[in-house]
Each structure stands twice: as C-alpha cells, then as structure tokens.
Amino acid sequence: MTEGFVEAWNGRLEGGYSHAKLEDDLRRLAETYPFVRLERIGFSVLGKPILAAVIGDGPVRVHANAAMHANEWITAPLLVAFLEDLAESAVKGDVLCGKTGAELLRSATLHAVPMVNPDGVELVLRGAGPHHPRREDVLAMNGGSEDFSGWKANVRGVDLNDQFPAFWEEERRRRQVDAPGPRDYPGPEPLSEPEAQALAQCVRLRRFHLVVALHTQGREIYWNYRDMEPPEAASIAAAMGEASGLKPVRLEGSDAGFKDWFIAEFRRPGFTVELGSGENPLPPAQFPSLYLELLPIMETALTAVRIRRGKKRAP
C-alpha cells in the first residue's frame, strides 16, 4: 500500500463511508478495471441495493463481506480498498504479500459484499433526521437519543449477525434480548431480515469454498463452530494470524452468526475477523493500520484452499 493510496482513501472517508460513496466507488472500479463485475444480491429494508463485486476467474470461490454491523462501517471501505489494490496489482504486476494480483486471480475468484447493512450504516453516519422514513421507530428503539454511534442493528433493530439458522434458538436464549434495539436482538425468527436473506441466498447459490466476515474490533480471528469446521480451518486461521498479527481464537458460546451458519451448512472454512482495537465506530485515522491487517488476511484467504479446475471436490 503506497502513501498515495492511503491519502486517497483518507480523503474518501471524510464524513464516513455512506452507501452513496460505496456505489460511486464500485462504479468507478468497474469502469477502470472492466474485469471487475458488479451485481446486486438483494435490497435492504429501505430498498437500498446490496451490492457485490466479483473479481478473478480462478476455481476457488472465496466470499468476503463487511459492514454487517452498522457502527463497524469502516470495514466497507477497507474491503473496497482491497478490491482496488488487487485489481491494480493484476494490471501493473505489483506484488501483494508475495504474489501479484494476476497470480491470485488465476487461482481464486473473490466475491465481495462491502456493505451488508446500508440502512444501519446511514443511521450511524447521518442519524434519523426529520425526513427519515422510520424516525419515530428508531428513536424509540434508541431510547430517544439522537446519537446512533452505538447502533449495530439494521433499521428494524435486528442484529444481522444473529440472524442465521445455526442454533438460533440457543443464541436467542443466551442474548435475552426480546425486542428490537440498537444491538443483540436476533429477530423474530432466523433470516427474517432481507439483508440476511440476501446473503444466505447468495452463498447457497455460489457455494463458496471459504468465507470471511469482516468486523471490528479486538484483533482476533474466530475460525471454529461446534466442532463442525473442517480440519484445515485451524491451520488457515494460524496462517492468517501469523501474517496479520491478529490472534486466532477458538470461540465457544456463540451461535447464529454468518460464519457459524456457513460452517454448519457447508462444513467448509469460515472466519470472523475482528480488525483493529478501540471502541466502535473506529475512527478513519485507523484506516492505514487496519488495511495493513486486512491485506495479508485476504491474501491468505485467496490462497488457502487448493482445488483443480474442473474438479467438483470440497476442500
């Protein structure tokens, strides 16, 4: 990552990273690098398109998503920056963590959803002004406060990372949050929210070999789920940790998350990556250090699984 690359991204983060900025950046990326394909996997509660970028033509299918939690919005520009870095490397032949972008994209195809929760992100960044379509509801859920900086949920007050059908009932009992709010309410049932539905449908359609969910903060990597993870998951997490400085953690007592569901349904490697340290939302000033953590994790994700073209074999 060059100094100019950092400066350009710091400028884009002034005022936060809105859904409109994401749309502009993805459109610009696809125009600059025609081999980057854009698609819409669904819509948010308020009708914002949930966008994905696809890059590469390798046989290993890797998925990454970000900004599932609203006040962790900085993960969205981090993932877009990686897409830009990867595409530029593929064209110029620059090396990313030991490999060129072209080498990475010959072995893997990356499917990235940078902003799973656009309505929640807008709430954190802009608040619920007089013209917000759900102003009364979100203010009530937020205890009457106009400060939404602690908001993790979608606009209906559902925590999207507690929405997946992986021992969902146990997670609901553990959370003991029975009403919509800023965080930890798992919803009335699994996949009740359109954002979670879109992500699950996308994964089931594409049947990825490996997934990474980007969050903040804690500088940890969670890689297991109820002993359903494949044998190679621990070694992949160790490689990610060694390359990035984050700590692989065998997590217990947590269910219904995206990576939990992926591991349970597909028995393939899934990772939740908690970038950075501090209090969410992490400030844009941390962007350079967060990106330096992310870069080797994504490079590891793109190279960790080995399959041959034309073979329909699980890793």
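Accessible surface for the range 171-263, divided over its residues, is 42 Å² per residue with a 1.4 Å probe.
Mean separation of Cα pairs under 8 Å and 6 or more residues apart, divided by the residue count, gives the range 224-269 a relative contact order of 60 percent. Computed over protein heavy atoms with a 1.4 Å probe, the accessible surface of the range 1-116 works out to 35 Å² per residue.
Too long at a 26 Å Cα-Cα cut-off: which of Lys48/Lys152; Lys152/Lys247; Lys21/Lys152; Lys21/Lys99; Lys21/Lys247? Exceeds cut-off: Lys21/Lys99; Lys21/Lys247. Kirkwood's formula applied to the C-alpha pairs of the range 157-315 gives a hydrodynamic radius of 16.5 angstrom.
As a calculated quantity, the FRET efficiency between Glu14 and Ser149 at R0 = 22 Å, using C-beta atoms, amounts to about 0.85. With a cut-off of 15 Å between beta carbons, the residues surrounding Gln176 carry a summed charge of -3, where Lys and Arg count +1 and Asp and Glu -1. Here the range 103-202 is treated with +1 on each Lys and Arg Cβ and -1 on each Asp and Glu Cβ, and its dipole about the Cα centre works out to around 120 debye. Taking the range 160-177 and a reference point 7 angstrom along Cα→Cβ of Arg267, the backbone N atoms nearer than 18 Å belong to 166-167.
With viscosity set to 1.567 mPa s and temperature to 4 °C, compute the Stokes-Einstein D of the range 267-309, Rh being the Kirkwood radius across alpha carbon pairs; µm²/s, no decimals. Here the translational diffusion coefficient equals 104 µm²/s. Between Arg206 and Glu170, the simple label model (points 7 Å from Cα in the Cβ direction) yields a spacing of 2.9 nm.
Of the solvent-accessible surface of the range 241-285, computed with a 1.4 Å probe over protein heavy atoms with every protein chain present, carbon and sulfur atoms account for 47 percent. For the range 71-113 versus the range 243-284, the inter-centroid distance based on Cα atoms is 20 Å.
Surface composition of the range 147-193: carbon plus sulfur atoms hold 43% of the accessible area, using a 1.4 angstrom probe and ignoring ligands, DNA and RNA. Taking only protein heavy atoms and a 1.4 Å probe, the accessible area of the range 1-139 is 49% carbon and sulfur. Reported to the nearest whole Å, the Cα centre-to-centre distance from the range 159-216 to the range 4-70 is 21. How would the chain be classified by its alpha-carbon gyration tensor: rounded, prolate or oblate, with rounded meaning a/c under 1.5 and the a/b versus b/c comparison settling the rest? It comes out oblate by the Cα gyration axes.
Note on the range 61-162: the C-alpha convex hull projects to 7.9 nm² when averaged across all orientations.
Cα gyration tensor of the range 1-51, axes a ≥ b ≥ c as square roots of the eigenvalues: rounded (a/c below 1.5), prolate (a/b > b/c) or oblate? Since a/c reaches 1.5 but b/c is at least a/b, the shape of the range 1-51 is classed as oblate. Each of Ala264, Leu160, Ser254 was placed along the dipole of the range 158-293 (beta-carbon charges, centred on the mean Cα), and the one lying farthest toward the positive end is Ala264.
Within the chain, helices built from complete DSSP H runs that reach 15 Å or longer along their own axis (Cα positions) and carry a mean Kyte-Doolittle hydropathy of -0.5 or higher are 75-92, 194-206, 233-244, 287-303. Over all orientations, the range 126-226 has a Cα convex hull whose mean projected area works out to 8.0 square nanometres.
Listed by chain and number, the aspartates and glutamates whose C-alpha is less than 12 Å from the C-alpha of Lys259, apart from same-chain residues fewer than 8 away, are Asp162, Glu229.
The values are calculated or read from the model by the stated rules, or taken from the named source; none is laboratory data. Quick caveat: nothing in here was measured; it's all calculated off a predicted structure. All Cβ positions, glycine included, derive from the backbone under ideal geometry; neighbour counts span all protein chains shown. Please note that ligands, DNA and RNA were not included when accessible areas were found on the heavy atoms of the full protein model with its side chains. Shrake-Rupley method; radii C 1.70, N 1.55, O 1.52, S 1.80 Å.
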